[in-house]
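Step one of this worksheet: look at the structure below.
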Amino acid sequence: MSLKAYQKVQSTTETPRDTEHRVFARVTGMLMDVRDSGDRGKTLIEAIDKNRRFWSMLAADCASDANALPDQTRAQIISLSIWVTKYSGLVTREKQSVEPLIDINKTIMEGLAQRPVAAAAGT
């Protein structure tokens, strides 16, 4: 199967929740690789940047009036995004640990992996 065909199948079968989980898994994996290798150079900066940009995208989506999440959830995601941006700077400039970023991402991934009761009952 060609890459384009695979991407088309993936996009038609993957829910937005699945997509978010997949992207969180990818950026979290990058952060974990950096943590495990002790790399403080280009690889660290790339992992931090991808994670920060993903969180910024989530915040922008939550700021949209078209977002169907409850207002409180949207506000919490925006607040987490602001924290991720600030803490990311500490990681790159002040050599703070990436572990808190990994922990936040894992917590969100756990929530995304849970299926709403109505959806679970239909499967």
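The values are calculated or read from the model by the stated rules, or taken from the named source; none is laboratory data. What you see is a predicted model; the values in this text were computed from it and never measured. Here the Cβ positions follow ideal geometry from the backbone for every residue, glycine too, while neighbour counts run over all protein chains shown.
The sole residue among Thr85, Thr107, Thr73 that is part of a helix (DSSP H, G or I), farther than 25 Å from Thr15 by Cβ and of a type in the set (S, T, N, Q) is Thr85. Of the residues making up region 39-48, those that are assigned to a helix (DSSP H, G or I) and loosely packed, with under 14 Cβ neighbours inside 10 Å are Lys42, Thr43, Glu46. What are the residues in region 63-86 that are within 16 Å of the chain's Cα centre (by Cα) and acidic (Asp, Glu), if any? The answer is none; no residue qualifies. Residues in region 3-17: is at least one more than 24 Å from Arg115 (Cβ to Cβ), small (Gly, Ala, Ser) and modelled with pLDDT under 95? Yes, there is a match, as at least one residue in region 3-17 is more than 24 Å from Arg115 (Cβ to Cβ), small (Gly, Ala, Ser) and modelled with pLDDT under 95.
Condition check ((1) touching a residue at least 12 places away in the same chain (Cβ under 8 Å); (2) over 21 Å from Gly111 (Cβ atoms)) across all residues:
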site	(1), (2)
Ile45	yes, yes
Asn51	yes, no
Ala59	yes, no
Cys62	yes, no
Pro70	no, no
Arg74	yes, no
Ser79	no, no
Thr85	yes, no
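On inspection, Leu31 does not qualify as in a helix (DSSP H, G or I), touching a His at 6+ places or on another chain (Cβ under 9 Å) and surrounded by 13 or more Cβ atoms within 10 Å (Cβ to Cβ). The residue that is nearest to Ser37 (Cα to Cα), counting only those in region 87-100 that are in contact (Cβ under 8 Å) with a residue 40 or more places away in the chain and polar (S, T, N, Q), is Ser97.
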